[in-house]
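The values are calculated or read from the model by the stated rules, or taken from the named source; none is laboratory data. The structure presented is a predicted model; accordingly, all values stated were derived computationally and were not measured. FYI the Cβ positions are ideal-geometry reconstructions off the backbone, even for glycines, and counts take in every protein chain you see.
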Number of protein chains: 2
Amino acid sequence: MDSLIILRNAHLRATEHRIRTLELLLKANRPMSHVELLNAFGQCDRVTLYRILDAFVEANILHRILGSDGIWRFCAHTNLHHKCPGGHPHLMCESCGQMTCLVDIPIQHIDIDNIDPEFHISHKQFLILGTCQNCYAKKHT
Amino acid sequence: MDSLIILRNAHLRATEHRIRTLELLLKANRPMSHVELLNAFGQCDRVTLYRILDAFVEANILHRILGSDGIWRFCAHTNLHHKCPGGHPHLMCESCGQMTCLVDIPIQHIDIDNIDPEFHISHKQFLILGTCQNCYAKKHT
DNA sequence: GCGAAAATGCAACTTGGTTGCATTTTCGCG
DNA sequence: CGCGAAAATGCAACCAAGTTGCATTTTCGC
């Protein structure tokens, strides 16, 4: 899907930076961190990129996931991402930081009324940590 | 259980700070952040507290959970915490930051071999976000 | 109670993210 | 087309959580 159309639909201004950011994320099709995006960019102020990402999350065209390293990663929504309304788990390599969306897998239901009836759930985060293929190979050679 | 005995068993030195930290966490029986502990302390250097917490996690007498605010919380192990070998979910109020261990609930199994056979899982984090009773009441008055 | 190993305190640093503000750009509307 | 309000950008400064290095003090096995 064309990033320009996505921006228009979300009532966001189609500036060069914003188009670029969205294109990068759509092409990558995996959650990327702020630094990662900044490096991929030719020229963009880091604060501007932070604000772009915030705006995109606000406009619901990205979702963001906190890694176990405390760094946020941002992932463009594709139609695959809407399969599980309650969100999906994320795989994260603790060695290189790479993250993957497990878009097909629903997150387990929690019967909160039986645990803490006074708690109001807004959403859930499920992070699966470990070592990816690449890093595992590197470690065992 | 006496914190001194726990420290001895874990081959950790029983200094005043360490006993105090462990006692605070055992008494609270919920995950606490570094600042929260520091405030509860009378006099302790913040770096020292960081190092104590690290040592305790290393020695496996605490577990730590990253909140959606990017701040680590530390929780003393009780025998309840060992019910679910694969870990348990955590409830977090996004308004006040308070966290609760759902020690009775096992985290869903992920059949990683069918998804990414090359990924090696080390552990899982399941965070349930929302609003606690207190904060919900405050918002709706 | 001696001495090696570990714990502590302090200063300085790193890093991811935020805020304020002046300047520039976008885009709806006449 | 081009005007002007609203939004986006760039820059500097800031903030907070966590880390590192190092000199001093404390613990605890012998």
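Structure data summary
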| item | result |
| --- | --- |
| Failed criterion for A:L53 (all others in (1) in contact with a Phe, Trp or Tyr (Cβ under 6 Å, 6 or more places away or on another chain); (2) outside any strand (DSSP E or B); (3) away from DNA strand D (no atom under 14 Å from the Cβ) hold) | (3) |
| Sole exception among (1) within 11 Å of DNA strand D (Cβ to nearest atom); (2) under 19 Å from B:H90 (Cα atoms); (3) in contact (Cβ under 8 Å) with a residue 12 or more places away in the chain; (4) surrounded by fewer than 15 Cβ atoms within 10 Å (Cβ to Cβ) for B:L4, by number | (2) |
| Boolean, A:R13 is part of a loop (DSSP other than H, G, I, E, B) and either within 12 Å of DNA strand C (Cβ to nearest atom) or of a type in the set (F, W, Y) (or both) | yes |
| Those residues of segment B:19-48 which are away from DNA strand C (no atom under 14 Å from the Cβ) and closer than 19 Å to B:V103 by Cβ, in sequence order | B:L25, B:L26, B:K27, B:A28, B:N29, B:R30, B:P31, B:M32 |
| Residue match in segment A:86-108 (condition: of a type in the set (D, E, K, R), in contact with a strand residue (DSSP E or B) (Cβ under 8 Å, 6 or more places away or on another chain) and under 28 Å from B:K139 (Cα atoms)) | no |
| Number of the condition not met by A:Q108 [criteria: (1) part of a loop (DSSP other than H, G, I, E, B); (2) more than 7 Å from every other protein chain (Cβ to nearest Cβ)] | (2) |
| Single unsatisfied condition, B:Q98 versus (1) modelled with pLDDT of 95 or more; (2) facing chain A (nearest Cβ under 9 Å) | (2) |
| Given (1) within 14 Å of chain B (Cβ to nearest Cβ); (2) within 13 Å of DNA strand C (Cβ to nearest atom); (3) modelled with pLDDT under 95, number of the condition A:L66 does not satisfy | (3) |
| Of all residues making up segment B:57-105, the number that are part of a loop (DSSP other than H, G, I, E, B) and in contact with a His (Cβ under 7 Å, 6 or more places away or on another chain) | 6 |
| Sole exception among (1) surrounded by 19 or more Cβ atoms within 10 Å (Cβ to Cβ); (2) under 14 Å from B:I107 (Cβ atoms) for A:H109, by number | (1) |
| Enumeration of residues in segment B:116-137 that are at pLDDT 95 or above, hydrophobic (A, V, I, L, M, F, W, C) and farther than 24 Å from B:G70 by Cα | B:F119 |
| Test for A:H123: is it free of Cβ contacts under 8 Å to residues at least 60 places away in the same chain and either under 22 Å from B:H90 (Cβ atoms) or basic (K, R) (or both) | yes |
| Scan of segment A:7-49 for residues that are within 14 Å of another protein chain (Cβ to nearest Cβ) and either of a type in the set (K, R) or near DNA strand D (Cβ under 10 Å from one of its atoms) (or both), ordered by number | A:R30 |
| Identity of the residue in segment B:70-85, within 14 Å of another protein chain (Cβ to nearest Cβ) and surrounded by 13 or more Cβ atoms within 10 Å (Cβ to Cβ), that ends up nearest to DNA strand C (Cβ to nearest atom) | B:I71 |
| Given (1) under 29 Å from B:R73 (Cα atoms); (2) away from DNA strand D (no atom under 15 Å from the Cβ), number of the condition A:T78 does not satisfy | (1) |
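Let's see how each residue does on (1) crowded, with 16+ Cβ neighbours inside 10 Å; (2) closer than 17 Å to A:D116 by Cβ; (3) among the hydrophobic types (A, V, I, L, M, F, W, C); (4) within 15 Å of the chain's Cα centre (by Cα):
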position: B:F56; (1), (2), (3), (4): yes, no, yes, yes
position: B:L62; (1), (2), (3), (4): yes, no, yes, yes
position: B:M99; (1), (2), (3), (4): yes, yes, yes, yes
position: B:I105; (1), (2), (3), (4): yes, yes, yes, no
position: B:S122; (1), (2), (3), (4): no, no, no, no
position: B:Q133; (1), (2), (3), (4): no, yes, no, no
